[in-house]
1. Among 109-115, 74-80, how do they line up from the highest to the lowest mean number of other beta-carbon atoms within 10 Å?
2. Please report Rg (one decimal) and Dmax (integer) in Å for the Cα set of the chain.
3. Per q in 0.25, 0.26, 0.30 Å⁻¹, report the Debye log10 I(q)/I(0) for the range 75-132, using one uniform scatterer on each alpha carbon and no solvent.
4. For residue 135 and residue 9 in the same chain, what is the full-extension length gain: residue separation times 0.36 nm, less their Cα-Cα distance, in nm?
5. Counting only the backbone N, which residues of the range 97-140 are under 12 Å from the spot 7 Å out from the Cα of residue 73 toward its beta-carbon?
6. Just need the relative contact order of the range 11-138 here, percent rounded to a whole number, with Cα pairs under 8 Å and 6+ apart.
7. Against the 2.2 N^0.38 Å scaling, with N counting residues, where does the range 16-81 land? I'd like the Cα-based Rg ratio to two decimal places.
C-alpha cells in the first residue's frame, strides 16, 4: 500500500506568507512618495537648465557688440501669473569681460563671459535651488 502524501500548507504558513507579502507592499508604498519627489525635483532642474540655455541662445543670437556688460537681467520671476509654470522660476543674467586666463577684466578684451542663473524652489526639499550656466563669446 502506498502512503498518502499530504503536501498542502497549514494555516500558520499561509498567515506568515500573507504577513511577509504585506510588509513588502507597505515598504513599496512608502517608497512611491519619495520617488515622486525625486522625479519632480529632476523635472524642476531640467526646466531651470532649459530656461538658462534659452537665455544663452538668445545672447548668442546677438552681435558681440550688442551684448551689454554688467547685469543684463536682474533676478525676477519669469512670469507674473501664478497659474503659469514659469512663475516658480527666477532668472538673472550677467556679462563681463575676461582675459585669456578667464580672469575678470575691466577693459575690452574681445572676450565676454555670460553667466545665467535660474532659481527655483525645490518641491522635494522646500529650499531654493539654482542652476548656473556660463559661456564665452568672442569678437569675430
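1. Taking the mean over residues of other Cβ atoms within 10 Å, the ranking is 109-115, 74-80.
2. 28.3, 106
3. For the range 75-132 at q = 0.25, 0.26, 0.30 Å⁻¹, log10 I(q)/I(0) is -0.93, -0.98, -1.14.
4. My answer for the length gained is 38.5 nm.
5. Zone members listed by number: 115-119, 133.
6. Numbers: 178 pairs, mean separation 29.4, N = 128.
Computed over the range 11-138, the figure is 23 percent.
7. This ratio for the range 16-81 stands at 2.12.
Read-outs: derived from the displayed coordinates by stated rules, not from any lab. Computed from a prediction, not measured in an experiment: that's the story for all the values here. FYI the Cβ positions are ideal-geometry reconstructions off the backbone, even for glycines, and counts take in every protein chain you see.
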